[in-house]
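Below you will find the structure I want to go over with you.
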Amino acid sequence: MSAAIAYSTDFAIIFVAATVIGYVAHKFGQPTIVAYILTGVILGPVVLDVVVEEGLVEIMSHLGIGFLLFLLGIKMHFDEVKKIFRPIVKIAGSQIVLQQSLAFLVAYMLGFPFWQALVIGLCTIFGATPVIVKALTDKGEIRTLPGRINVGVLIGQDIYLVLALALLGIGTLTSPVEIAFTVGKILLLVGIITVVTLAASRYVLPEVFKRVASHKEVLFVFTIAWAFLFIYTSEIFDLSLEVGAFLAGLALAQLPYSGELEEKIEPLTDFFILIFFSTIGLRLVADELFYYWQEAVIASLILIVGNFLIMFYLIHKEKFSVKTSFLGSINMIQVSEFSLVVGALAVAQGFIEIEVLGYLSLMALMTMSSSTYVLYNNQKIYEWAKPWLKRFESEDRRDEDVTEYQNHAVVLGYNHLSKKLIPVIKEHFDDLVVLDHDPKNIDKLKQSEFDLVYGDFRYDQVRKGLNLKNAAFVFSFLPDISSNTILMEEVSEDTTVFVECESEEDMVELSKLGGNEPLFTKVISSLQLFDCVEGFLKDEDNLKEMAGEDCRMLRGETSHGR
């Protein structure tokens, strides 16, 4: 009982301290990731030494990275990455070879023995998946083209991480037969689990989720259980939980419910990830950390620049634009926390000394902290560097292969009225997206000529799939004022919006939002509604003028009405 209380106390101390330090960091405009790492440094052996990474804290830390990869998998729709899958494979493979070679050469030139330098190179090729994914998700860039390239490369690195851990676990790097057998076994297991995952997402999960989607609590619990099933399976086969968690999320990403699942999982992930980043600081010991501090500073500077140049060359070589190449490169300049995992195993097996692990730890801490600022300001850095990048521009770029909705129509809610309106709207717009929250409509809508987004409109992740800011036309059949208020705040002023309101009070409230002047519909017949929308599509200016007059009248700016 006393041990359980001690573990719970450690957990509570971390959570309270991280909350306070994170709040202070937020007030001063600093990334929370850095605040969480700093929490671990303060509470751990380097400063106060009041918390250790064991028991409940260690379990929570592992779950943090697991759920982050699970969330990442849920975001990975095959349709979004299949056009760039081949170049991503080339980039990831070449990046592993080139960055490992660079890290080895830097360590060897700094005076580390050949075999230690080789292991250091093996440890330092990984991008910091939690840092990159968290920052890009916070900024809404995880689904951009640079974000997709980064994620693809990180997944390749995760598979390589499994191989690296398995090779170091052998205890010797001098047996080619044993090495080949281990690599083949791992690749076979990953392949089998991947096939099972894809088969489940196509033949099993759609029917299961259709039955539980209307029960929110059951849906959430089933999603968590699915994640733990794959984490447990990966552990059984001696694979990393990161690979299992990612594959579990990947299966769910192909379902129409993925947007809503993202919204439900993200707060839980944020909770666990706080502990994960704090444990990075808890692992550090002052004497070991600073034994090779000069070498660590020099190596960090070289690797930050070198990693950027390697990634820029590889992405640009695959004929992506200069902007995509720059952002995709500057996002991945850090040494990952996985270097500590690989390094700790290398110490246990006697390949490197404990002080070398301090060297790796200091590099990871410095590069992850500095790259966090770079990630949150990557667009500003690109604009600053843009004049010097013009020499790399050319016509044969492939960014147009990955597109987002532009000047499209959006219908919120599927019912007997929207069913009649959709064909009329589809005639005037190349792209039409329909959002609905009724699981019973999914099967009938999946085969339609428009795109379907499933979920609650109030969830951020669901709305991101609609790209409302770039929509040309939106018709909302959502009855609640809160959803329509969010709608009016997110669309641009150029978007034409039809909003169906239940009362005149709701109409008055929405008319006060300013900017875009929506076209309101009360409880009218389907024929009147059909004529109204068709009239707009034929004479947009006239109907907008009438809607503007209605809005001004509701706001009390004029007494004239229709």
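On the basis of being aliphatic (A, V, I, L, M), farther than 21 Å from residue 455 by Cα and without any contact (Cβ under 8 Å) to a residue 40 or more places away in the chain, does residue 305 make the cut?
Yes: the conditions hold for residue 305.
Follow-up question, since we're still on this one. Would you point out the residue of the stretch 341-352, among those that are touching a residue at least 24 places away in the same chain (Cβ under 8 Å) and more than 23 Å from the chain's Cα centre (by Cα), that is nearest to residue 143 (Cα to Cα)?
Result: 342.
Working carefully through the options 196, 212, 151, 208, find the one that is in the same structural domain as residue 98 (by TED's automatic domain parsing), modelled with pLDDT of 75 or more, within 18 Å of residue 266 (Cβ to Cβ) and β-branched (Val, Ile, Thr).
The match here is 151.
Cβ-Cβ below 6 Å, separation at least six or inter-chain, first residue in the stretch 105-130 and closer than 10 Å to residue 335 by Cβ and in the same structural domain as residue 335 (by TED's automatic domain parsing), second assigned to a helix (DSSP H, G or I) and hydroxyl-bearing (Ser, Thr, Tyr): which pairs?
123/339; 124/339
Name the residues in the stretch 412-426 that are in contact (Cβ under 8 Å) with a residue 12 or more places away in the chain and either in a helix (DSSP H, G or I) or among the aliphatic types (A, V, I, L, M) (or both), would you?
Within the stretch 412-426, 412, 416, 417, 418, 420, 421, 422, 424, 425, 426 meet the criteria.
Of all the residues that make up the stretch 280-296, how many are surrounded by fewer than 24 Cβ atoms within 10 Å (Cβ to Cβ) and β-branched (Val, Ile, Thr)?
Selection size over the stretch 280-296: 1.
Among the candidates 482, 476, single out the residue that is touching a Ser or Thr at 6+ places or on another chain (Cβ under 8 Å) and at negative phi.
Going through 482, 476 in turn, just one is touching a Ser or Thr at 6+ places or on another chain (Cβ under 8 Å) and at negative phi: 476.
So that you can scan it fast, the table gives a plain yes or no per residue for (1) assigned to a helix (DSSP H, G or I); (2) within 19 Å of residue 160 (Cα to Cα); (3) at pLDDT below 80:
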| site | (1), (2), (3) |
| --- | --- |
| 21 | yes, no, no |
| 40 | yes, no, no |
| 49 | no, no, no |
| 64 | yes, no, yes |
| 70 | yes, yes, no |
| 80 | yes, no, yes |
| 86 | yes, yes, no |
| 95 | yes, yes, no |
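Moving on to the next point. Just one of 102, 98, 136 is in the same structural domain as residue 332 (by TED's automatic domain parsing) and under 17 Å from the mean Cα position of the chain (by Cα); which is it?
After applying the criteria, what remains is 136.
I'm trying to understand the selection: among the residues of the stretch 377-421, which are β-branched (Val, Ile, Thr) and either within 21 Å of residue 318 (Cα to Cα) or at pLDDT below 85 (or both)?
Correct list: 402, 403.
Could you tell me which residue of the stretch 280-310 is farthest from residue 95 (Cα to Cα), considering only residues that are among the polar types (S, T, N, Q) and under 30 Å from the mean Cα position of the chain (by Cα)?
300
Can you tell me which of 288, 263 is in a helix (DSSP H, G or I), more than 23 Å from residue 197 (Cβ to Cβ), modelled with pLDDT under 80 and in the same structural domain as residue 366 (by TED's automatic domain parsing)?
One residue alone meets the criteria, 288.
Let me ask another. Only residues that are within 15 Å of residue 64 (Cα to Cα), aliphatic (A, V, I, L, M) and not in a helix (DSSP H, G or I): list them for the stretch 216-245, please.
Once the filter is applied, which keeps residues that are within 15 Å of residue 64 (Cα to Cα), aliphatic (A, V, I, L, M) and not in a helix (DSSP H, G or I), the stretch 216-245 yields nothing.
Shifting gears a bit: Step by step: first the residues of the stretch 317-338, then only those that are part of a helix (DSSP H, G or I) and surrounded by fewer than 20 Cβ atoms within 10 Å (Cβ to Cβ), then the one that is farthest from the chain's Cα centre (by Cα). Which residue is that?
Step one: of the stretch 317-338, the residues part of a helix (DSSP H, G or I) are 317, 322-330, 338.
Okay, now just the ones that are also surrounded by fewer than 20 Cβ atoms within 10 Å (Cβ to Cβ), so 317, 323.
Numbers: 317: 25, 323: 20 Å.
Within the stretch 317-338, the match that is farthest from the chain's Cα centre (by Cα) is 317.
The values are calculated or read from the model by the stated rules, or taken from the named source; none is laboratory data. Note that the coordinates shown come from a computational prediction; the quantities given were computed from them, not determined experimentally. Neighbour counts are summed over all protein chains in view; Cβ atoms, including those assigned to glycine, are modelled from backbone coordinates with ideal geometry.
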